[in-house]
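All remarks here apply to the structure that follows.
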Amino acid sequence: MRNKKFITFDEALKPNRPTAFSAMIKPAGSVCNLGCRYCYYLDKASLYENHQSIMNDELLETTIKQYIQANDIPQIMFVWHGGEPLIAGLDFYKKAIELQHQYANGKQIENVLQTNGILLDEEWCHFFAEHNFLIGVSIDGPESVHDAYRRSKADEATFSRVMKAIELMKKYRVEFNTMSVVSRASKGKAVEIYRFLKSIGSSFMQFLPALEYVRISDKTGKPLIVPPGTPDSVMAEWSVSAKGYGRFLNDIFDEWVLTDVGRYFVQMFDVALAQWVGVPPALCAFADTCGDALVIEHNGDVYSCDHFVYPEYRLGNIKEHNLKSLYRKKEQFRFGMDKRNTLPSECLNCRYYFACRGECPKHRFEQSADGEPNKNALCEGFKLFFKHVDPYMKYMADLLREQKPPALVMPWARRRMGFE
């Protein structure tokens, strides 16, 4: 049995190394023009007594200045998120570009923005193209899947308006990728969803599992999304099952590995390949530890993680404390180490631990076979996926070691699956 409570020599040296972290900036907080049923962020308005104003110019300047200066690296990526970040308005982002230029100090600045697409128009697209924004657009799949949970506040369908936004981005050659929530509505439709996303021009896809627990509010009688382990909470009705998520990924992988390697990119497959090669994955959920992805709210509050915007994970406010000092707080270091050190022994001794790393702590609702807490509720699905892709990942890892393209796995996969 491994010792669960430890830090490595490399981790012990981290506080003395050049600072490098990311920050998800929420200029309008959780304010959104939609009312997606599975959204884990809408309920954050209650933290601010349901009053969230747009980040003002003074705070925007503080945010940009501190974020650039805090990072001791040559490339700085700003991630604008929400809620719906376009609610802040085009002038807000024009000001942000000016401030980025003012404080860049020779560093390369990049911008990524995640949107539901509803507010996008030609003026927005012209701006994004001019300033090389990468846009993540939220679309869950074809109309029947997308409209199941991605609804307006008046419970109206949103698919046609999102598709209009995608066509506008293609017209203006705005670089975009897609983020799709895998919910109960996605069950049995993985290949249909994958082919649809390819058909609309998405070459990079994220498939995020909807797995939330809710508790009925004492005040409103409505379900509120709550942290893992909250008493009297139950799994939300839109949640995907562990097996369902694993099968979803497997179905897409089987099509991708036969025809699309090197042409279309699925975040989860990239992450898996990184783990088999032995290089750090690009997604923090599958890293050994975390804590390098903060959240800056509309009022300057800083939280440990996008999935942990709760009072107990508030680090402070950048109007009162420098962002770098908030990132360096011992509470944040402990938060990152806890990703590994709170896992049950069953996880640490699992054959797929090298690939899974316990995934995101937000999904750790279950107990292990020995009764230890904090087992990931999607564990069974991840095991299905990692076992399924293992031979293909090994083959691609060998190709990379030989300095050959991973796409050469495709003819081998076709022979292995009996198609040649």
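Summary of values
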| quantity | calculated |
| --- | --- |
| Extension gain (nm, one decimal) between ARG328 and ASN16, 0.36 nm per residue minus Cα-Cα | 111.3 nm |
| Reported label for calculated Cα extents along the principal axes in Å given [x] 61, 52, 52; [y] 71, 59, 55; [z] 77, 50, 41 | [x] |
| Euclidean distance of C-alpha centroids, segment 82-112 and segment 226-293, integer Å | 29 |
| Accessible surface, 1.4 Å probe, highest first, among residues TRP124, TRP412 | TRP412, TRP124 |
| Fully extended contour minus Cα-Cα distance, from ARG263 to LYS95, at 0.36 nm per residue | 56.9 nm |
| Fraction of antiparallel bridges per DSSP, the chain only, in percent to nearest 5 | 35 |
| Size of electric dipole in the chain: Cβ of Lys, Arg +1 and of Asp, Glu -1, about Cα centre, debye, nearest 20 | 1020 |
| Accessible area in the full protein assembly, largest first, 1.4 Å probe, for ASP155, ASP218 | ASP218, ASP155 |
| Relative intensity, log₁₀ I(q)/I(0), of segment 293-340 from a Debye sum that treats every alpha carbon as a point, q = 0.16, 0.20 Å⁻¹ | -0.37, -0.58 |
| Gyration tensor over alpha-carbon atoms, segment 22-178, equivalent ellipsoid semi-axes in Å | 27, 20, 13 |
| The chain - mean residue ellipticity at 222 nm from DSSP helices (-39,500 (n - 2.57) per run, n ≥ 4, rounded to 500) | -11000 deg cm²/dmol |
| Normalised alpha carbon radius of gyration of segment 286-398 [divisor 2.2 N^0.38 Å] | 1.27 |
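The values are calculated or read from the model by the stated rules, or taken from the named source; none is laboratory data. Predicted, not measured: the structure shown is a model, and the values here were computed from it. Note that we place each Cβ from the backbone using ideal geometry, even for glycine, and neighbour counts take in every protein chain shown. Areas reflect the complete protein model, heavy atoms only, side chains present, ligands, DNA and RNA absent. Shrake-Rupley method; radii C 1.70, N 1.55, O 1.52, S 1.80 Å.
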